[in-house]
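The values are calculated or read from the model by the stated rules, or taken from the named source; none is laboratory data. What you see is a predicted model, and the numbers here were worked out from it, not measured in a lab. Heads up, the Cβs are rebuilt from the backbone with ideal geometry, glycines too, and the neighbour counts pull from every protein chain shown. The protein model used for the area step is the full one, side chains on, heavy atoms only, and it has no ligands, DNA or RNA in it. Shrake-Rupley method; radii C 1.70, N 1.55, O 1.52, S 1.80 Å.
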Amino acid sequence: MTDNKMNFKKSLIFIAVIMCLGIICTLAMAPLCVPDEEIHYNDALYMSNQMLKAVGHNDLRIPAAMDQIVSFRDGSQTVSFWTDWTTGQELVDSKFGTSWEGTMPSFPYIWSGLFLAITRLMGAPYQVILIVSRLANLLFFALIATLSIYVCPQMKWAIMTVSFLPSTVWGVNSFSYDMWNTAFAVLYVAYIARCMTLDKIKIRNIIGIFIFMMLFLPTKFIYFPMALLIFMPSYKKLDRKDKRNIIIFGGVALAIVGGVLWYLRGPEVIAYFSFCFDLRAEADYSNVYTLSTIIHHPFHVFYVIVATFIEYTQHFIIKSICGENYSQHVPGFFQFAIIVVFVLLMSGSVNIRRTDKTFTENDVAAFRSIRARLIATFIYVINSIGFAIAFLLMFNIYSEGEFRLIVGMQGRYYLPLLMLLPFILNNRFWKPDEKTMKKLMVALIVLNVVVTFCKFAGVMET
């Protein structure tokens, strides 16, 4: 990509690569293979049922195998999923999709719910229903990622890198609302980066920031610190004619956004800080962590968080790049190789030599500014602490005098934060040219396939 725009042919190639990686991932790890996907599957099926009712189709039965669906299939179940196209196809009333589970917003399930409804109306085999509906989510992510590159071509290398990661393909190729969350995190950061490159920031740009923020943040309140990205562009670039209107509009918009976010997720935030222990932890929850515990025992909590990151940082890095499940079957050499390639791509993505005509000197200066680095680093650190506190409250019990590491934290939660790394990792020592970036991108795609095959070997061993 040597020009400023990603043309239609390149867009199709980009989307095709993501879809091919998704199909390979599906072959290796048959549905359902993402944490909590049963809950997300239920809610997508519920959304599908509402759509069918809306068009007057009241037969809500599903193939029996979909009602007896198994998460994290072993080798024999994976073989059966792909080879047995007769068993479990009879229609039955389902325990799934009869009610909404959890506190998640409904809009992230519209896309997969639509394709569940369409394939059910077609009378497709249950394998086709599951695969097409999950791949539809992957396609939606690919379309949003493509739009993000059009929005900010200067971020194309970072967007492609995040899109081709095994963890991304695995996570968004599912019923999980992480697809929506990851897709619009990419678009939100891309638009912020676009505003950083503008000569003048106008009121329409401020409106755009708040629109993309509202598409992303309500999905998971844990990412609220990413709202601070609004301070990344230099507001010295504000159009003088619009400056007063922008300040007024920005203040009103910020208040409205805060009110909407609080309406959508406020009760959940309160629950987290009062009593949000998750029964999936299967532990005695008579003495759980609450906001009161954190206030009265700050040094205890501080020690637990620091000790957890010291112990598990390597684990989080591997999981955030290779994917959460079955990554233990990937040999250390390939884990190291894909991490190195990823870091080289992200650190060079906004520091590329001038042979790439997408970049101007002003763009590079904006992305490499101390302001951008400090804000991106601050958000990354605050969000990491937020993850730790959230899981401390959800899955852990407090015992005075005992310092237990936090359980339940997962590398996949770092996916939206990966888009901040170009601003954090860029440096004056690594300035790749376009040919080098292309070779590294090919290496990343190849390593994605290798990692997926290693996971497949792990599935077949279980």
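Taken as a whole, the condition of being acidic (Asp, Glu) and under 20 Å from residue 135 (Cβ atoms) applies to residue 178. Is it true that some residue in the range 122-129 is under 16 Å from residue 43 (Cα atoms) and open to solvent by 20 Å² or more (accessible area, probe 1.4 Å)? Looking for residues that are under 16 Å from residue 43 (Cα atoms) and open to solvent by 20 Å² or more (accessible area, probe 1.4 Å), one finds none in the range 122-129, hence no. Of all residues in the range 409-429, none are part of a helix (DSSP H, G or I) and touching a Leu at 6+ places or on another chain (Cβ under 7 Å). Being polar (S, T, N, Q), within 26 Å of the chain's Cα centre (by Cα) and either modelled with pLDDT under 90 or assigned to a loop (DSSP other than H, G, I, E, B) (or both) is the requirement here; does residue 351 meet it? Yes, satisfied. When 32, 52, 45, 27 are checked against the criterion of being under 30 Å from residue 439 (Cα atoms) and either of a type in the set (A, V, I, L, M) or in contact with an Asp or Glu (Cβ under 7 Å, 6 or more places away or on another chain) (or both), 27 stands alone in meeting it. Among the residues of the range 375-396, those identified as surrounded by 16 or more Cβ atoms within 10 Å (Cβ to Cβ) and either assigned to a loop (DSSP other than H, G, I, E, B) or more than 18 Å from the chain's Cα centre (by Cα) (or both) are 375, 389, 392, 393, 394, 395, 396. Applying a threshold of 6 Å to beta carbon distances and a minimum spacing of six or more residues, or different chains, the list of pairs starting in the range 400-417 at a residue that is over 13 Å from residue 386 (Cα atoms) and ending at one that is β-branched (Val, Ile, Thr) reads 403/304; 405/308; 415/182; 416/182. State all residues of the range 194-217 that are open to solvent by 10 Å² or more (accessible area, probe 1.4 Å) and not in a helix (DSSP H, G or I); if no residue qualifies, say none. The answer is 198, 199, 200, 202.
Determine whether the range 180-194 contains at least one residue that is in contact with a Gly (Cβ under 9 Å, 6 or more places away or on another chain) and closer than 27 Å to residue 88 by Cβ. No, the range 180-194 contains no residue that is in contact with a Gly (Cβ under 9 Å, 6 or more places away or on another chain) and closer than 27 Å to residue 88 by Cβ.
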